[in-house]
Amino acid sequence: MPGTSGRRLSRHERRDQLVVLGVRLLETVPFHALSMDDVAERAGVSRSLLFHYFPTKLNYLTAVVNAAADHVLSLTEVPEGASAEDRTRAIITALVRYIQRRRDNYVAVLRSGRSVDPVLEQVVDGMHRTISLRILHSIGVIRPGPMALVLTRAWLAGVEELALLGEESGLPRETVIDSAITTLRAVAALPDFVADVFPGHNAD
């Protein structure tokens, strides 16, 4: 993957090129089978140069998973000036759309990556935590307690699965999004959630 214009790439550009290549490769090559030699060959660089940017394979994989997670987070940023309901729907819509459009990439890099190494798991967990906090903020929960956050993260895991299975089953995307919103409301009405957000509140 040499520079198309023949111009010498800057250090930052070369690093980004190598990371993008890794994201694409992991759609077809499992983490454990990804070869740094193959990455270097496909990128048109020497093995020593690749290890200059990424001293270990884990360094490289961490950069790849970080890039994928950052991209998802950039897509699910809370829109400014929107109502609470619109903010919630916008976040869910962006996430579901990405998962369904980039299914192979999402499953290969972000779902599989967390089981490869604790470092990669931390990256994916950080992404999930940030999205969960954005969702909570969109429904007016600014300082969630541990139970509210756990329940929201469990809901988010369900949304991921709903997006994947919904796409497999041919469900309209809007149906998937509406279902995600409905289940979020149900989660936010659970006594444990309410008690965590409003200490001393009597759910009865």
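The values are calculated or read from the model by the stated rules, or taken from the named source; none is laboratory data. Keep in mind that what you see is a predicted model, and the values were worked out from it rather than measured. Positions of Cβ are generated from backbone atoms using ideal geometry, with glycine treated the same way; all protein chains shown enter the neighbour counts. Just the protein is used for accessible areas: all its heavy atoms, side chains included, with ligands, DNA and RNA removed. Shrake-Rupley method; radii C 1.70, N 1.55, O 1.52, S 1.80 Å.
Just name the residue that is nearest to the chain's Cα centre (by Cα) out of those in the range 125-140 that are open to solvent by less than 60 Å² (accessible area, probe 1.4 Å) and modelled with pLDDT under 95.
My answer is Ser138.
Would you pick out the residues in the range 6-26 that are open to solvent by less than 70 Å² (accessible area, probe 1.4 Å) and either under 16 Å from Asp104 (Cα atoms) or polar (S, T, N, Q) (or both)?
Ser10, Gln17, Val20, Leu21, Gly22, Val23, Leu25, Leu26
Is it true that some residue in the range 131-144 is farther than 24 Å from Ala69 by Cα and touching a helix residue (DSSP H, G or I) at 6+ places or on another chain (Cβ under 7 Å)?
yes
Can you name every one of the helices (runs of 4 or more DSSP H) wholly within the range 1-106 that holds 2 or more residues which are in contact with a Leu (Cβ under 6 Å, 6 or more places away or on another chain)?
Here the list reads 36-43, 57-75, 84-101.
Could you tell me which of the residues Ala90, Ala154 is closer than 29 Å to Pro30 by Cβ and in contact with a helix residue (DSSP H, G or I) (Cβ under 9 Å, 6 or more places away or on another chain)?
Every option except Ala154 fails the conditions.
Suppose we filter Gly145, Gly113 for residues that are under 21 Å from the mean Cα position of the chain (by Cα), open to solvent by less than 40 Å² (accessible area, probe 1.4 Å) and of a type outside the set (A, V, I, L, M); which single one remains?
One residue alone meets the criteria, Gly113.
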